[in-house]
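FYI, it's all coordinate maths here, none of it is from the lab. Remember, it's a predicted structure, so these values are computed and weren't measured experimentally. Cβ sites come from the backbone with ideal geometry, for glycine too, and all protein chains shown count toward neighbours.
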Amino acid sequence: MLRAWSPDPQAGVQHRTALYRLLLANDFAGLETLFTAFFASIPPDWYRNNPIARYEGYSACVVYAWFASLGLDITPEDRSNQGRLDMAARFNGQVYLFEFKVVELVSQGRTLQQIKERGYADKYRAGGQPIHLIGVEFSRERRTLVGFEVETV
């Protein structure tokens, strides 16, 4: 039955395994490549008549579900005194702070800057764990990843 519903049922397992392995190694270049491949695998029909696909919430939901499938400690819409970060993940003694943007709605290259300007990492600093700030930018017109910046603090 799985084969009838999915052209390649092993692809999901392979993406989850790769995501886990890349996070474990903090291989951010590999993570960018995996994100690109993962979003490229979304069928175009999933964008049709779907207005949410035009906004960052769509990409955030996809990434959240993907990370949640690994059973990671995730906080979507992580609140602080300066606003809301799109997603925080804690794994292997590390903290990963994600902000997602759609470049047709905001200036490209500002996503990582927003994480820093709003001090989203501040509430995690006392834990003494490495904190990775990750700005991920998507194009709704091209339906793909167009920016991926990482800074470790």
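Computed from backbone phi with θ = phi - 60° and the Karplus coefficients 6.51, -1.76 and 1.60, the 3J(HN,Hα) list for region 101-115 is 9, 9, 5, 6, 9, 9, 5, 5, x, 9, 5, 4, 4, 4, 4 Hz; x is used for glycine and proline. When the chain is described by a simple charge dipole with +1 on each Lys and Arg Cβ and -1 on each Asp and Glu Cβ, the residue from 115, 96, 50 located farthest towards its positive end is 50. Toward the positive end of the charge dipole of the chain, with +1 on the Cβ of Lys and Arg and -1 on the Cβ of Asp and Glu, the farthest Cα among 30, 139, 71 is that of 71. In the chain, excluding the sites themselves, the longest stretch lacking any of the GluC sites (Glu not before Pro) that are in a DSSP loop with at most 14 other Cβ atoms within 10 Å is 1-103. The residues neighbouring residue 28, those whose beta-carbon lies less than 11 Å from its own, together hold a net charge of -4 under the Lys/Arg +1, Asp/Glu -1 convention. Scanning residues 5 or more positions from residue 138 or on other chains, those with amide H under 5 Å from its amide H are 101, 102, 103, 146, with H placed 1.01 Å from N in the peptide plane. The ranking of 66, 46 by Cβ neighbour count inside 10 Å, starting from the fewest, reads 46, 66. Net charge dipole, region 2-152: roughly 200 debye, given to the nearest 20, about the Cα centre with Cβ charges of +1 for Lys and Arg and -1 for Asp and Glu.
Residue-wise HN-Hα couplings along region 80-90, as the Karplus relation 6.51 cos²θ - 1.76 cosθ + 1.60 with θ = phi - 60° gives them from phi, are 9, 5, 10, x, 10, 7, 5, 7, 10, 10, 10 Hz; Gly and Pro carry x.
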